[in-house]
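Asks: Dropping a structure here in structure tokens format, bear with me for questions.
The values are calculated or read from the model by the stated rules, or taken from the named source; none is laboratory data. Quick caveat, the model's predicted, so the values are computed rather than measured. All Cβ positions, even for glycine, are placed from backbone atoms using ideal geometry, and neighbour counts span all protein chains on display.
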Amino acid sequence: MVEPLIHKPGRALIHAQQQRGTLMNDFNRKVEDASARVSKTVAEAAERIEKEIPEFIKYLNDEVVPAVRQHSTKALRTASLKLTELADYMEQQKASRK
């Protein structure tokens, strides 16, 4: 009767498996540490942004909006003058052709 061959892992194989397990545990720990640091940084940034949003909105309302309105008004007045000049020029050209 022939006995079946049973593969028994040698010491080197067992050691390699243990080392691989240790490396994976180290890797997982490093990933968790990095993830925790990223989460903390994002949370701190979000908290700071939430605190600064009201100040930013106030700046927009107090400084930016009035400046835009003033420059828009100025631009409309300049465009109005240029259109008046163009209309005058067109009338002169029409009159000189007659």
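Matching residues to (1) surrounded by fewer than 10 Cβ atoms within 10 Å (Cβ to Cβ); (2) more than 41 Å from the chain's Cα centre (by Cα):
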{"site": "29", "(1), (2)": "no, no"}
{"site": "34", "(1), (2)": "no, no"}
{"site": "71", "(1), (2)": "no, no"}
{"site": "79", "(1), (2)": "no, no"}
{"site": "86", "(1), (2)": "no, yes"}
{"site": "94", "(1), (2)": "yes, yes"}
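Asks: Another question, then. Kindly establish whether residue 4 is modelled with pLDDT under 95 and over 48 Å from the mean Cα position of the chain (by Cα).
Replies: Considered against the rule, which asks whether it is modelled with pLDDT under 95 and over 48 Å from the mean Cα position of the chain (by Cα), residue 4 comes out as yes.
Asks: Go through the residues of the stretch 53-62 one by one and say whether even a single one is assigned to a helix (DSSP H, G or I) and either at positive phi or at pLDDT below 85 (or both).
Replies: No, the stretch 53-62 contains no residue that is assigned to a helix (DSSP H, G or I) and either at positive phi or at pLDDT below 85 (or both).
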